[in-house]
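Asker: The following block contains the structure, expressed as C-alpha cells.
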2 protein chains.
Amino acid sequence: MKKNIIVTALIMLMAAWNVTAAWGEDGSRLWLRLDANSTPATVSGVKCMAMTELQTYWQGGPIVLKRQKGMAQDGYTIKSQGEATVITASGDAGLLYGAYHLLRLQEMGLPCQMLDIKEKPFYDLRILNHWDNPNGTVERGFAGKSIFWGDKDVNSEDFAASMKMYGRANASLGINGTVLNNVNAKPEALSTESLQKTKAIADLLRPYGIHVYLSINFASPIKVGGLKTADPLDKEVVRWWKDKVNEIYRMIPDFGGFLVKANSEGEPGPQDFGRTHADGANMLADVLKPHKGIVMWRAFVYAPQSPDRANQAYLEFMPLDGQFRDNVIIQIKNGPVDFQPREAYSPLFTAMQKTPMMVEFQITQEYLGAANHLVYLAPMWQEFFSFVKPASLKAMAGVANIGDDANWCGHHFAQANWYAFGRLAWNPALTSKVIAEEWVAQTLGLNPDTSLVTTPLPPAGGIGGGAVVSMMLDSREACVSYMMPLGIHHIFAGTHHYGPEPWYSPKGVRADWTPPYYHKADSIGLGFDRTLNGSANVKQYPDELCRVYNDINTCPENLLAWFHHVPWDHRMKSGRTFWDELCHKYDDGVRQTRRFLAVWDAMQPCVDAQRFEEVQRKLRIQVRDAEWWRDACLLYFQTFSHRPIPQDVEHPVHNLDEMMKFHIPITMYENPESGYTK
Amino acid sequence: MKKNIIVTALIMLMAAWNVTAAWGEDGSRLWLRLDANSTPATVSGVKCMAMTELQTYWQGGPIVLKRQKGMAQDGYTIKSQGEATVITASGDAGLLYGAYHLLRLQEMGLPCQMLDIKEKPFYDLRILNHWDNPNGTVERGFAGKSIFWGDKDVNSEDFAASMKMYGRANASLGINGTVLNNVNAKPEALSTESLQKTKAIADLLRPYGIHVYLSINFASPIKVGGLKTADPLDKEVVRWWKDKVNEIYRMIPDFGGFLVKANSEGEPGPQDFGRTHADGANMLADVLKPHKGIVMWRAFVYAPQSPDRANQAYLEFMPLDGQFRDNVIIQIKNGPVDFQPREAYSPLFTAMQKTPMMVEFQITQEYLGAANHLVYLAPMWQEFFSFVKPASLKAMAGVANIGDDANWCGHHFAQANWYAFGRLAWNPALTSKVIAEEWVAQTLGLNPDTSLVTTPLPPAGGIGGGAVVSMMLDSREACVSYMMPLGIHHIFAGTHHYGPEPWYSPKGVRADWTPPYYHKADSIGLGFDRTLNGSANVKQYPDELCRVYNDINTCPENLLAWFHHVPWDHRMKSGRTFWDELCHKYDDGVRQTRRFLAVWDAMQPCVDAQRFEEVQRKLRIQVRDAEWWRDACLLYFQTFSHRPIPQDVEHPVHNLDEMMKFHIPITMYENPESGYTK
C-alpha cells in the first residue's frame, strides 16, 4: 500500500512536470525511462538479470520466471495466470527479453493483464558493428568518442555503469552481439593488452546476453605475430591464428568471432597473397569452428579502375558462391555503392544462392546529415526488405551510431534508429510506424495512438495525434528529396560526407571517390548509365527486374538517375521535364524540413525543455542544410542543364561560387557543429 | 542615309545582344543609356547644354531651341511643328529639361511626333543632400567613397567626366541643387582650400543647371575664424559670417546657400549660446540675403532625457513658428523619429503654419537594407504626401545614395530611388508606378507596358508584363513586413543600422539610441504608447487624426505599435491576435522577397549578364536577411509574448543566442558585403 502511494505520488509528480514542461532530460536513459521502485517488485523463479530488472522497474503484480527446454533460442512466452504473470524461456537471454517486453508494455501504458504472448527472434544473430578505433575516435561517429576505447578505464565504476546501460538498451531490443572495433582494424586489436580490455567488456555485457566480436586486420600474423606472410594457406599463418584464437577463447569463452574487411579500400586481404576471399574466410572459419565462433566476411569491395563501382562485389563474390564454410557469413551492405540516402539493393543478395549472407545497415548517418539531421531509417530498411526477402538472410548487422555523448547518439531522434535496428533484427516484419510509435511513447512519453498534443492548436496547421510519428516516417524521403532525389547518389563533400559537393573532383583523387563519377552531369542530362548499353549493372539483377530497370520508361523514377543518364527534358510521370521535377523534388525536401520544425515546435508543451531545445536546434540546422543542398545541387546542375528554375519553386538563395568555396573543417570522426554558415 | 544605316545596324546589334543576354553592363550609365550619334543631330537655336545633348543623342528630326520670356522658372514647352520639334523655355535650364524630356520619350520608345507638352516644376528647389566628409567617406553611404571629396583631384579629367555624368543624371530629372558635404559638417568645409574645391565643382555642374550648397558647422567662427564665440547675436560673429559669405560668392556667384544641423546629436548650435534656432537661422539668412542665398535649417532635434523623441522637434520649433526670415526653410524629415521603414508623418508639417518648410527624404537606405536590399522608395514618399499636401512645402530634399561605385548607388535598383526622388521633386503627383515604368524602360531596356518577358514562362508563376515594376512597387511594404511591421520602429543594430538587434541595449548608451526605448516589449505587449495616456504625441497631430491615432481600435494597423503598447492578444482586423499577426507579417515579408528573386530570375533572358548577376546576388542576400529579421525579431519578442509561432507560418530557422552574438564589423560609412552569416 505504501509502495502504491509512493508510485502514485511519483506518477503525479511526473504528470505535473509534464504540464509545465520545464524540466530537463539529457536523453541518457534512451527509451528506458523507467522509474526505479523504492521497494523491489515481487519476482520469483530463475535468478537472472530478468529478475533484477523486473524487481527494479516492474510496477505490476507478481512475476514468475521459468526455464523450459525445447523452446526456440532466445524466444519466450508471457502468460497471465491470475494475478501473476509467467515468463518462460529456455535460457536467461529469453527471460530477459521477455522481461523487457513486459516493461515496454508498462511504459507504453498498454494493458499488462490477460497476456498470452509468444515471441522468438527472426534472426539468431542480431549484431552491432562499432567502427571504434583504439585511440577512442569513431569512424563516421557523430556522438562523441568511443564508449569502449581510448582513455576509458575498463575497470572504473563509470565504465561499468556505461556498459550496464549499453547492455540494457541492447537487451531491451534483443540485440545479442557487438563488434567492438572498426572494420578498418588496427592490428593491435589482437594484442594481449587489447584482448584484456575486450575480456573486461565481454564480462560486463555477458549478463545482458551480448557476445563480443572483433574486427581483425588480415595482416595481423605479420604485424602482430612477426611472420613474413599472412597467406591464409601458409601453415605458419594458420598456426598463428589458431594460437591467437585459443588465447581469445581462454579469456572469453563465449567470444563470438571475427568481422573482416579484406582487400577493400586499402585493407590487406587474401588477394595480396594470390588467394581468394573464400581462402581467407575459410581459413579463419576453420580456426574458429571448434569454439563455435563465426566469420563475418564483408563484400564491400571496389576498385579504382572499375568503370562501375556498383558492379564490383558481384564480380568478385559470385564466382565464389558455394565455396564458403558454414560458419562464414558474407556481410553485404544494403546497396551496391555505399549507404546512400537511396540505392537500389545490392544485386548480390538475389544472385548468391549457396552462400550464407547477412545485410549490413548503417545506423550511423554517414550520408544522412550525421547527428544533425532527423532521419528515421526504418523506412529505408523496410524498402530493402521489399526487394530482399528477410528469410534469404542469416543475420542483420547495423553500424552503430553510439558514442559517449550524454544522449548516446548525438541527436535524440538518432536513438530511434538504434531502436529500430534492434526491433527489425528481432522481427523484420514490424512496420516502421509501429516501431516509431513504440519509440515515441517510451522515449518522449507522448502517446502516438491518441493525441500527441495536449494544447489546442489551430486546425490549419494540421497538427494532431501522431504528428511526431508522421514526421519520422516522412523524414527519410524528405532527406532523399533535399539531398539526392530521383536516383542521384554520392554527390557528397569529400572525406566527411556531410554537405553537398557535386563539383568535388580534386586532382589526384581517384575518380570513384568523386561525385562526377556518379552523377555524370553534362549538357544532355544527368545520371549513371547502368543499362545494358552502359555498365550493364542491371544484368546483375533478376531478369524481370533487369528489364524494368533497363528501360527508362519503366524504371522507378526514384532510381532513374541511378540506372540511366536521364535527358534534362525527359518527360516524367508528373508531366514535368526531368529538370523541372528535380527542382521540385529539391524544393519539396526543403519544405518538408520546415514542416518538421513546425511540428516539433508544437510539441514544446509536451516535451522536457532540454530535449525540446536540443532537437529544435538540430531541426533548424536541418532546414538550413536542406536549403544548402537544394541551392548547391540545383545551381551546380544548372551549369549543365542551362534551364531555368521553375517559377513555382523557391529559388536558390545562396551563391554557387560561395558554396563552392565553403568547407567544413572536420574529419570523418566528428559531427559538424552546424551546417552551411555563409 | 549613311547615318540611318549605321543607326539601324547599331539597333540590330543591340537587339542581337538582347537575345543572347551575354553582354555586360556595369550600370554606370544609369537611366541615360543613350547611344551617341556618329554625326550630330540637327539642332538649331539657342546654343546651350540642351543643344549639345540633343546633337549627341537625339535620333529624330530637326530640333529648334527657343528662349521666351515670362515662362515659369525652369518650365518648358515641346511642340511638333511639321518635321521639326520646338523646345521653348525662359532659360538654359528649362531648355535642358525639355531636351531630356524628349530623350526620355525616345528611350522609352514612345511617340515623338505630334507633341504638345507643357511642363513646369512643382518645387523651385529640388535638392540633393550629400552626407560626404572631407576625408572621402560618406555617412550612411553604401556605394563606395564620395564622388566629391577625399583624394579626388577636382582638376582631373576623370573628375570632370564624373561630374558631367552626375550633372546630366540630375538635369535629366530636374534636380537643380546639391549640398556637397555632410550635415555633420566639419568646420574646414569653409576653409579657403575647401572652398576652392567647391568652386571647381560648381563650375563643372553649372552647365547642368545645378547650384551648389554647403552644410556648415555652426561653431565655424570659433573653429575656422578663431573667434571666442559663435553666438549668432554677437557682432564679431556676424561680421565673420558676412566676410565668409562674401568670399564664397566672389568665387561662386550662383552659390545656393547653407544647410544647417544645429543642436542635434552633438552638433553645435545657437542654443549653446542661449539663443534659439530662429536666432541662428535668421542671422545666417540675413548674411546670405544680399546674394539671394538661402538657409535650410534642419528640425531633426531630440534630447536624451526626452521620454518621447518623437515629440521633440515639435516642442522646439512650434514656439518659433512665424519667427523665421523668408529665405529660411525649415527642413524636416518625413517622420518624427528617423527615416524608419514606416513612420507616421512628422506632425510639425501640419502644425507649423507661418514658416516655410521642406521635407527631407532619405534616398540612401540607412534603415532599409543599405545597398543590399531592393526597396523602391517612391511608395513611401507618396504615402507621406497622402498626409502632407505637397503645396504646403516649399521644396524637397533627398539624402543622396551616390558614391564612386561603378553603378553610382551600390545596387542597380537603388538608382531607381535617385530617379524617383528627382521625378517627384519635379512633380509630386506622379505615381510610383509611372516613375518605376519610366526607370525600368530606360535603365533595363524592358518594356513595362507590354511584356517584360520575351521567353514563355509557366502561367503558374504569374510572371508577365510589368513583373519588375510590380516587384518594385511591392518592395517597400515587403521590407516593412520583414523588418518592422505593424508600427514597430528603430529595432536596428547599433551604429550601422543594418540588421535586427531589438535586444541592443549596452550599458552607457543613451536610451533613445537603443531599440527597447522604442519597442517597449514586455509580458503585456509591444509598442510605444504615444496616446493621451502615454507620451501624448498624438496631440501634435490635427484633432481628427489625433482621435483616430489615439484609439487602438481606429488607429491604422500599420502604425499600431507606433502609437500604442499593443497587448499580445489584441484582436486584429484579420481575426488574428496581434502576436499571430506579427508572425504572419514577418513571414509574409520573407515570402515576398523569395517571390522577388523568382521574378528577377525570370528576367535572365532579357537583362545583360552583369547586371542580372549583380542584382540576383543582392536579392539572395535580401532573402537571407529577411529570414534573419523574421527569426531574430520573432524569437526575441517571443521571450516576452510567451506565445507559440502559429503553425501556418514558417518557423524560425536561426537560433536566438547565435543571432544575438552576431555582429557585422562595419562602420556607418560602408555597405555590408553580405548579411547574416552566423
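Asker: FRET efficiency for B:His663 and A:Ser505, Cβ-Cβ distance as r, R0 = 35 Å, nearest 0.05? Provide the component values of the computation, followed by the final result.
Answerer: On the way: r = 37 Å, r/R0 = 1.05.
The calculated FRET efficiency here is 0.45.
Asker: Specify whether the C-alpha gyration tensor of chain B places it in the rounded, prolate or oblate class, a ≥ b ≥ c being the square roots of the eigenvalues: rounded for a/c under 1.5, otherwise prolate if a/b is larger than b/c and oblate if not.
Answerer: Values: a/c = 1.77, a/b = 1.12, b/c = 1.58.
Oblate.
Asker: Residue by residue through the range A:650-662, what is 3J(HN,Hα) from phi via Karplus (6.51 cos²θ - 1.76 cosθ + 1.60, θ = phi - 60°)? Round to whole Hz and write x for glycine and proline.
Answerer: Values per residue, Gly and Pro as x: 5, 8, x, 10, 9, 9, 4, 4, 5, 5, 6, 7, 7 Hz.
Asker: For the range A:231-237, in order, what is each residue's ³J(HN,Hα) by Karplus, 6.51 cos²θ - 1.76 cosθ + 1.60 with θ = phi - 60°, in whole Hz (x at glycine and Pro)?
Answerer: 3, x, 9, 7, 5, 4, 5
Asker: Counting other Cβ atoms within 10 Å of each Cβ, which GluC sites (Glu not before Pro) in the range B:73-170 have at most 12 and sit in a DSSP loop? Working shown, then result.
Answerer: Working: sites: B:Glu83, B:Glu107, B:Glu119, B:Glu139, B:Glu157; in loops: B:Glu83, B:Glu139.
Here the GluC sites (Glu not before Pro) that fit, given the DSSP loop and packing criteria, are B:Glu83.
Asker: Which far-off residues, 5 or more places away or on another chain, put their amide H under 5 Å from the one on A:Met357, with H placed in the peptide plane?
Answerer: Amide H neighbours of A:Met357: A:Ile330, A:Lys394.
Asker: Is there a pair in A:Lys69/A:Lys118; B:Lys197/B:Lys235; A:Lys186/A:Lys244; B:Lys79/B:Lys394 whose C-alpha atoms are over 19 Å apart, and which pairs would that be? The partial results should precede the final answer.
Answerer: Details: A:Lys69/A:Lys118 15 Å; B:Lys197/B:Lys235 29 Å; A:Lys186/A:Lys244 15 Å; B:Lys79/B:Lys394 30 Å.
Distance filter (> 19 Å) returns B:Lys197/B:Lys235; B:Lys79/B:Lys394.
Asker: Given H placed on each backbone N at 1.01 Å, which residues far from A:Asn129 in sequence or on other chains put an amide H within less than 5 Å of it?
Answerer: Long-range HN contacts for A:Asn129: A:Val179, A:Gly398, A:Val399, A:Ala400.
Asker: If you average the sequence gap of Cα pairs under 8 Å that are 6 or more apart and divide by the length of chain B, what percent do you get for the contact order? Walk me through the numbers on the way to the answer.
Answerer: Numbers: 1365 pairs, mean separation 88.2, N = 678.
Relative contact order here is 13 percent.
Asker: Explain nothing, just the number: dipole magnitude of the range A:331-454 about its Cα centre with +1 on each Lys and Arg Cβ and -1 on each Asp and Glu Cβ, in debye rounded to the nearest 20.
Answerer: On the way: 7 positive and 10 negative charges, 101 e Å.
Taking the Cα centre of the range A:331-454 as origin, the dipole is about 480 debye.
Asker: Sort A:Cys633, A:Cys606, B:Cys112 by Cβ crowding within 10 Å, fewest neighbours at the top.
Answerer: Fewest-to-most ranking of A:Cys633, A:Cys606, B:Cys112: B:Cys112, A:Cys606, A:Cys633.
Asker: A:Val64 to A:Met318: extension gain in nm, 0.36 nm per residue of separation minus the Cα-Cα distance?
Answerer: Values: separation 254, 0.36 × 254 = 91.44 nm, distance 5.05 nm.
Length difference between fully extended and current span is 86.4 nm.
Asker: Now, a different point. Quick one: of the DSSP bridges fully inside the protein assembly as shown, what percent are antiparallel, nearest 5?
Answerer: Numbers: 30 of 109 bridges.
Bridges in the protein assembly as shown that DSSP calls antiparallel: roughly 30 percent.
Asker: Starting from the Cα of B:Asn246, step 7 Å along the direction of its Cβ; do the same at B:Lys118; then give the gap between the two resulting points in nm.
Answerer: 4.6
Asker: Please give the average number of partner chain Cβ atoms lying within 10 Å of the Cβ of each residue in B:587-600, rounded to a whole number.
Answerer: Working: counts 0, 0, 0, 0, 1, 0, 1, 3, 3, 1, 5, 8, 2, 1.
Averaged over the peptide's residues, the number is 2.
Asker: On to the next question. Using a Förster distance of 60 angstrom, determine the FRET efficiency expected from the C-beta separation of B:Glu157 and A:Thr495, and round it to 0.05.
Answerer: On the way: r = 55 Å, r/R0 = 0.91.
For B:Glu157 and A:Thr495, the calculated efficiency is 0.65.
Asker: If neighbour count is taken as other Cβ atoms inside 10 Å, put B:Thr639, B:Thr355, B:Thr495 in order from fewest to most.
Answerer: Values: B:Thr639 11, B:Thr355 23, B:Thr495 14.
The order, fewest Cβ neighbours first, is B:Thr639, B:Thr495, B:Thr355.
Asker: Taking the Cβ of each residue in B:Arg476, A:Arg630, B:Arg325 as the centre, tally the other Cβ atoms inside 10 Å and list the residues starting with the fewest.
Answerer: Numbers: B:Arg476 23, A:Arg630 29, B:Arg325 17.
By the 10 Å Cβ count, ascending, the order reads B:Arg325, B:Arg476, A:Arg630.
Asker: About the Cα centre of the protein assembly as shown, what is the dipole size in debye to 20, counting +1 per Lys and Arg Cβ and -1 per Asp and Glu Cβ, all else neutral?
Answerer: Numbers: 132 positive and 146 negative charges, 70 e Å.
Using only the charged Cβ atoms, the result is roughly 340 debye.
Asker: Let me ask you something else. Taking Cα atoms of the range B:328-376, Rg/Rh with Kirkwood Rh, to two decimals?
Answerer: In the range B:328-376, Rg relative to Rh is 1.06.
Asker: Once each part is reduced to its C-alpha centroid, what is the distance from the range A:531-576 to the range B:365-403 in angstrom?
Answerer: 58
Asker: Same structure again: Using a label point 7 Å beyond Cα on the Cα-Cβ vector, give me the inter-copy distances for B:Lys66 in nanometres, one decimal, shortest first.
Answerer: Output for B:Lys66: 12.2 nm, nearest copy listed first.
Asker: In whole angstrom, how long is each semi-axis of the equivalent ellipsoid of the range B:150-245, when you take the square root of 5 times every eigenvalue of its Cα gyration tensor and sort them from largest down? Intermediate values should be presented prior to the final figure.
Answerer: Values: eigenvalues 179, 41, 21 Å².
After scaling each eigenvalue by five and taking roots: 30, 14, 10 Å.
Asker: Here's something else I'd like to know. What does the copy distance list look like for B:Ile664, label position 7 Å along Cα→Cβ, in nm and ordered from shortest?
Answerer: 2.7
Asker: Within 10 Å of each Cβ of A:638-648, how many other protein chain Cβ atoms are there on average? Before the final figure, lay out each step's value.
Answerer: On the way: counts 0, 0, 0, 0, 0, 0, 8, 4, 6, 12, 6.
That works out to 3 on average.
Asker: Run the helix sum for chain B: -39,500 (n - 2.57) per DSSP H stretch of 4+ residues, divided by residue count, reported at 222 nm to the nearest 500 deg cm²/dmol. Please list the in-between numbers first.
Answerer: Numbers: 20 runs with 250 residues, N = 678.
Rounded to the nearest 500, the figure is -11500 deg cm²/dmol.
Asker: Let me ask something else. Just to be sure I understand: chains A and B are related by a rotation, so which residue of A has its Cβ closest to that axis, and how close in Å?
Answerer: That would be A:Thr677, 3.
Asker: Would you give the gap between the C-alpha center of the range B:261-330 and the C-alpha center of the range B:44-72, rounded to a whole Å?
Answerer: With the range B:261-330 and the range B:44-72 each reduced to a Cα centre, they are spaced 42 Å.
Asker: Each residue of the range A:48-65 in order: what ³J(HN,Hα) in whole Hz does its phi give by Karplus 6.51 cos²θ - 1.76 cosθ + 1.60, θ = phi - 60°, with x for Gly and Pro?
Answerer: Whole-Hz 3J(HN,Hα) from phi for the range A:48-65: 6, 4, 4, 4, 4, 4, 5, 4, 6, 10, 6, 10, x, x, x, 10, 10, 9.
Asker: Please report the antiparallel percentage of DSSP beta bridges with both residues in chain B, rounded to the nearest 5.
Answerer: Details: 15 of 54 bridges.
Close to 30 percent.
Asker: Using Cα pairs closer than 8 Å and at least 6 residues apart in sequence, work out the relative contact order for the range B:306-354, in percent. Could you put the intermediate results ahead of the total?
Answerer: Numbers: 36 pairs, mean separation 20.2, N = 49.
For the range B:306-354, the relative contact order is 41 percent.
Asker: Run the quick spin-label model on A:Ala303 and A:Lys79: label points 7 Å from Cα toward the beta carbon, then report their separation in nm to one decimal.
Answerer: Result for the modelled spin labels: 6.0 nm.
Asker: How high is the FRET efficiency from A:Thr52 to A:Tyr517, r the C-beta distance, R0 45 Å, rounded to 0.05? Could you put the intermediate results ahead of the total?
Answerer: Values: r = 54 Å, r/R0 = 1.19.
The value I calculate is 0.25.
Asker: Another question about this same structure. Taking B:Glu265 in one copy and the same position in all the others, each labelled 7 Å out along Cα→Cβ, what are the pairwise distances from the first, in nm, shortest first?
Answerer: List, nearest first: 5.9 nm.
Only the coordinates and a few stated rules stand behind these numbers; no lab work does. Because the structure is a prediction, the values reported are computed rather than measured. Quick reminder, even Gly has a Cβ in these numbers, built from the backbone with ideal geometry, and neighbours come from all protein chains shown.
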